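First comes the structure, then the notes that go with it.
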Amino acid sequence: MTRLVNYEVQLETITSGFDAETCWVHARPGAIPGIGKDGMPAVVVTMQKLLLSGSDIFYALNDMRTDDMGATWEGPVEHETLGRQSEPGDIVNCICDFSPKFHEATGKLLGTGHVARYVGDHLAPNPRKRETAYSVYDADARTWSLWGALEMPDPDKFFSAGAGCTQRVDLPDGTILLPIYFRDPNSDSPDCSAVTVVRCGFDGVTLSFIEHGNEMSVTEPRGLGEPSIAWFGDRYYLTLRNDVRGYVTAGDDGLNFDEPVPWRFDDGEELGNYNTQQHWITHSDGLFLLYTRRGADNDHVFRHRAPLFMAQVDTDNLRVIRETERAIVPERGARLGNFGAIDVTEDETWVVDAEWMQPVGCETHGSDNTVFAARILWETPNKAAFTN
């Protein structure tokens, strides 16, 4: 039987304010141990502006930083190295869907995401190249390196591939398990994305391809995307976005996974998450899923993407334990489906989320583009980092 883990939630505001033209999105935290005030960790939250009159039109990555566990924040600071760049054919690119995480073997905060391309204020037409992008944080200078792209084998197969909105696992030898999703133009379903986990090397500067695992997809619209990986006990777990329903799978080596199955509650009912990412938190005594879903008096919210829920997972049966479900970030009309989570100390995990102010009018329910930090305070110390 799964041991239930107790915790408290302390909800705080990092920043708020809405100008009705743009809004902050993709707010995600990374924690750097020992460099904050009195030996506390520093927490860096990356986020970027979205143009409200367009669809997924992003601008340069910014960050905010606290060295005193959220008592004070600096920023937002825009980083030119993570801004838009011009390409031939009147195309501009922009790194987006970024997730920072501390890489213990090199002592570096490494962020990964992917690249969007635009013509004017619209996504560039297909076929549109996409790649896994990454950048490294200089904690002393408080700057980010010019983003680079992970070089993949078979450039035709991985012409449109990226690690947007994913969680990774760093292995004891310093290599990285980074899940990506891609569209293979030569597959039987070229319009459906597939997911694979890439094992990468990282030397503190360059992210490099070593190998990748099995490839997974479904025939439901657009396939699988935005995968996140976690390690708990002696297995690896992968949660997956799909237009119709969220999926989950598990495997023993971090590269090869069983056939994905739909997410369900422990009573057999489907979870109700759809067309939205999910992420993990791993406590030493339990694995948790972060997600949004239907059926929470939230029909007025775009794709039912609020509130943000947290619940413990029955890892034997790959199901969410319904009695453990808690709303950790409230629903105020705006969607909350793009977020991040990171262990900050042994007994505290932060979930950071920004109110995404589309469609027009969501602010009438009380949202104002607040960037929330939901601090998960464990009753017993968290002995294992949430992605190891």
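Tell me which residues, restricted to segment 310-338, are farther than 19 Å from Val244 by Cβ and part of a strand (DSSP E or B). If the condition is that a residue be farther than 19 Å from Val244 by Cβ and part of a strand (DSSP E or B), then Met310, Ala311, Gln312, Val313, Asp314, Arg326, Ala327, Ile328, Val329 are the ones that fit.
Over 27 Å from Gly36 (Cβ atoms), of a type in the set (Asp, Glu), free of Cβ contacts under 8 Å to residues at least 12 places away in the same chain and assigned to a loop (DSSP other than H, G, I, E, B): is that true of Asp156 in this structure? In short, no.
Provide a single number: the residues in segment 131-148 that are in contact (Cβ under 8 Å) with a residue 40 or more places away in the chain, part of a strand (DSSP E or B) and closer than 19 Å to Gly162 by Cα.
So the count comes out to 5.
Quick check on Ala60: is it out of contact with any Lys or Arg (no Cβ under 7 Å at 6 or more places or on another chain) and either aliphatic (A, V, I, L, M) or modelled with pLDDT under 95 (or both)? No, not satisfied.
Looking at (1) surrounded by fewer than 21 Cβ atoms within 10 Å (Cβ to Cβ); (2) part of a strand (DSSP E or B); (3) in contact (Cβ under 8 Å) with a residue 60 or more places away in the chain; (4) hydroxyl-bearing (Ser, Thr, Tyr), can you tell me which one Ser86 breaks? Result: Ser86 passes all but (3). In summary, Arg128 fulfils each of the numbered conditions (1) out of contact with any helix residue (DSSP H, G or I) (no Cβ under 7 Å at 6 or more places or on another chain); (2) at pLDDT 95 or above with the single exception of condition (2).
Quick one: which residue in Val77, Val92, Val115, Val119 is touching a residue at least 60 places away in the same chain (Cβ under 8 Å) and β-branched (Val, Ile, Thr)? One residue alone meets the criteria, Val77.
For segment 213-289, which strands (runs of 3 or more DSSP E) that fit wholly inside it have 2 or more residues that are among the hydroxyl-bearing types (Ser, Thr, Tyr) and either crowded, with 19+ Cβ neighbours inside 10 Å or modelled with pLDDT of 95 or more (or both)?
Numbers: elements: 225-232, 235-241, 247-251, 279-283.
It comes to 235-241, 247-251.
A residue that is surrounded by 21 or more Cβ atoms within 10 Å (Cβ to Cβ), touching a Leu at 6+ places or on another chain (Cβ under 9 Å) and either over 30 Å from Leu109 (Cβ atoms) or not hydroxyl-bearing (Ser, Thr, Tyr) (or both) occurs somewhere in segment 356-365.
Residues that are part of a strand (DSSP E or B) and surrounded by fewer than 16 Cβ atoms within 10 Å (Cβ to Cβ) within segment 174-206 comprise just one, Gly201.
Can you name the strands (runs of 3 or more DSSP E) wholly within segment 7-67 that have at least 3 residues being surrounded by 22 or more Cβ atoms within 10 Å (Cβ to Cβ) and β-branched (Val, Ile, Thr)? Break it down stepwise before answering.
Numbers: elements: 7-15, 22-32, 42-51, 58-66.
It comes to 42-51.
One residue stands out among those in segment 290-318 that are among the hydrophobic types (A, V, I, L, M, F, W, C) and touching an Asp or Glu at 6+ places or on another chain (Cβ under 8 Å): the one that is surrounded by the fewest Cβ atoms within 10 Å (Cβ to Cβ), which is Ala296.
The values are calculated or read from the model by the stated rules, or taken from the named source; none is laboratory data. Fair warning: this is a prediction, and the values are worked out from it, not measured in the lab. In this analysis, Cβ positions are derived from the backbone assuming ideal geometry, glycine residues included, and neighbour counts consider all displayed protein chains.
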